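The values are calculated or read from the model by the stated rules, or taken from the named source; none is laboratory data. On a predicted model such as this, the values are computed, not experimentally measured, just so you know. Note that we place each Cβ from the backbone using ideal geometry, even for glycine, and neighbour counts take in every protein chain shown.
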């Protein structure tokens with residue numbers, strides 16, 4: 001029983017400490033990759049942004065698209 005109470009107390013303290021940053025900043029940290037400033041600084045992009053950049057160079061036909069993306073190599 002003492003172990004259970006100690007575990008609950010430790011969890012309560014940990015949760016309270018995690019909430020301190022949110023309370024003082026006034027908002028929850030942004031976890032969406034496309035809107036997170038730190039991710040943008042590191043050059044990390046979400047899958048949709050990467051896909052859009054890769055398909056911009058696609059001229060349209062299947063063989064041209066494969067050659068344009070670099071995954072297809074002519075032999």
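Residue pairs whose Cβ atoms lie under 9 Å apart, separated by 6 or more positions or on different chains, with the first residue in segment 8-29 and without any contact (Cβ under 8 Å) to a residue 60 or more places away in the chain and the second assigned to a helix (DSSP H, G or I), are 28/22; 29/21; 29/22. The residues listed here are 14, 6, 65; of these, the one that is at pLDDT 80 or above, under 28 Å from the mean Cα position of the chain (by Cα) and not in a loop (DSSP other than H, G, I, E, B) is 14. Among the residues making up segment 17-40, those that are outside any helix (DSSP H, G or I) and out of contact with any helix residue (DSSP H, G or I) (no Cβ under 8 Å at 6 or more places or on another chain) are 26, 27, 31, 32, 36.
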